[in-house]
1. Take each of the peptides 733-740, 83-90, 53-60, 357-364, average the number of other beta-carbon atoms within 10 Å over its residues, and list them starting from the highest.
2. 222 nm [θ] for the chain, helices only, -39500 (n - 2.57) per DSSP H run of 4+, per residue, to 500?
3. Take every Cα pair under 8 Å in the chain that's 6+ residues apart, average their separations, divide by the length, and report that relative contact order as a whole percent.
4. Can you sort 849, 469 from fewest to most other Cβ atoms within 10 Å of each residue's own Cβ?
5. With Cα extents along the principal axes in Å defined as stated, name the option among (i) 166, 80, 47; (ii) 99, 66, 65; (iii) 122, 70, 53 computed from the structure displayed.
6. Provide 618, 848 in ascending order of the number of other Cβ atoms located within 10 Å of each residue's Cβ, fewest first.
7. By how many nm would the segment from residue 149 to residue 336 grow when fully extended, if each residue of separation counts as 0.36 nm and the alpha-carbon distance is taken off?
8. Any chance you could give the angle, 0 to 90 degrees and rounded to 10, that helix 584-598 forms with the longest Cα principal axis of the chain?
């Protein structure tokens, strides 16, 4: 399975409980605190209580407690529901792979509204320890990819480098800009029964969670705004300001490329929408002002990385990668990677690109280094560790201690941190024997950790307070240059669990919450926006649109329009189900069924029509149905998450809520009512696109998709409803489906004639539902798309659009509606077939000219990543 995110955080313990320590005087609070809502739940033996001391609340929790007392249980539950609704509407999700399946599903991100509170003096100790670990890991990486003196001096075991798949040999000797390999790093911490925070793991590959921590902060602040202000919580924005400056530093300082740049182009490289943390990728790109890209969006020319856009190639200075480093370049790393950029390593080696974290930083996720943490800290930094590492045994040192403790340790691969660890105390005797045999076969590949019982804090569950164990992921980023030191996020991502032996982060069923680090004084307001009065270069729409984004916008428009067309087609079918087959209304239904047949949606008998329509409306798994098309709309929207407004995203999210399920009833009346709501919701989405999108290339591709899809649908509607057989009986239904009945009556009253209907839906340039109008818009869009500068004649898309638009203008509706001896309308049938074919060819031509990516490169060094 493709590794596209950093691993989950899992901590465990041996089952034997450890008593709570003797509480200091600072932990004791007065008897008045006994009435606090944070005290109304039982303690958990053997674990540290974050909230309470021996005589009540800890001092730094008292302000929050008072605010919660004023709010009450009912008020807190209402606030929680409102915050959850906001996250759900904003599409904050974590994607999970179903067990035994390659399919991907979404799990809502629903943080607990009660934060963990940490005092400022305690946080300073955590901060100092985290920065020390970052310095240590940076030094170890510099030696591993440089002189390797630590191996030569016997300080670091050779197998900790050479057996690690994250040690990328093509990067040996490659110095990153400024010598920084870790721009952003994270560590997973757990607090033991003695109140001491310990390190469980380091995250250096592409640490996930910072974006979720920020979204969790926004949700918690929305739920408890009064408490947030009263507690004087340190803000997260300064960390992201520092991160953005640190990422830009190689370009702004002239460390990469020919000269320094005041406004470098920074891209966030994502593996795509299948990544479990894709929401975070899109969120961070938008929040930090970076361009969200996939590997296919980039190309390497002359050892320089460029973004492929409609307007040409644009140089990329810095990449913040959320793709594991060994997948980043199929030429020199993994030859089976379809996610990376061929030639990326060459661009880094040439000094034309900065990558954060540096390629090869995955080596720092190293169980052997954890086992030697204290000794390495003293040898490399000459300092005692400020944050201890949980006791860890590496099989590459001495196998016996690991095997002797197998029933009390958390066992995990030493170098593959994406694999879920094994709780030795949960294994049967046979399972432990089998595990011992696996460890003995490859001892250097395994570690065992004696993780202490995790501390616990109050959580809001089912309308009441209860205790949940927690782990904390903390983040640090490098400084942006001389005089600007590294920064630590004041707080982090809190991961919750019910079992003290396994506190999980980013797993189905686990929870999260915010971490409030209190300030010593008033908190300054800091924003990522430019300071008022700062010079700003004015910009308007440009062609700097990646082809992948244009493709998603094009199909977003097509699928949204397809969904509307299906709803408008299904409604009159349902309304006419109970009429006699020989009646006028029955003949209308027969014509509509022909339209369904032309679209491949129905080919059965009249008796099978009602259950088929019910399935097309209610079952998302029915091919070509409303639910299936809405799923396609949503998938395109997910891929465009960094480019859609929150209101547009909510409109997309609401579409699925209007699909009735089987339990809601499948009677025609109920289905028709659901389709009515869907038409309104889709019209709202189309209105947002029309009125809220700047008229640049992105809007043009979105509108092109809508116009082409509507044109194809209209040709099918006229073909099945008017051109075939007794089409005159279906004109009322055709006008209803095309949303043009009111316009027709205003012109011709109740006199229904085929030439007038054909004119209104085919040759009328003033009707937005007519082919003539649609093709005029298509021509306008195609002519405004970027063209080859030296081309004298129109390209294929423009020729096809102009040809179809001109031909429609020359058509005579009366001639088209003439019948032959069999009562058919062969001219109309021929024109509609030809137009439908032209529209499909035009869609394919636009895809070929603007939306198709280049092919995959060939590997230069096959097998390096897999074989070492």
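Where a number appears in this text, it was derived from the coordinates with a stated rule and is not lab data. Small disclaimer: the values here were computed from a predicted structure and weren't measured. When we count neighbours, we look across all protein chains shown, and the Cβ atoms used for this are built from the backbone with ideal geometry, even at glycine.
1. Details: 733-740: 22.6, 83-90: 16.8, 53-60: 18.6, 357-364: 26.6.
Answer by packing, highest mean first, reads 357-364, 733-740, 53-60, 83-90.
2. Numbers: 28 runs with 347 residues, N = 868.
Rounded to the nearest 500, the figure is -12500 deg cm²/dmol.
3. Relative contact order comes out at 16 percent.
4. Starting with the residue having the fewest Cβ neighbours, the order is 849, 469.
5. Among (i) 166, 80, 47; (ii) 99, 66, 65; (iii) 122, 70, 53, the one derived from this structure is (ii).
6. 848, 618
7. Working: separation 187, 0.36 × 187 = 67.32 nm, distance 3.32 nm.
Full extension of this stretch gives 64.0 nm more.
8. The helix 584-598 is inclined about 50 degrees to the chain.
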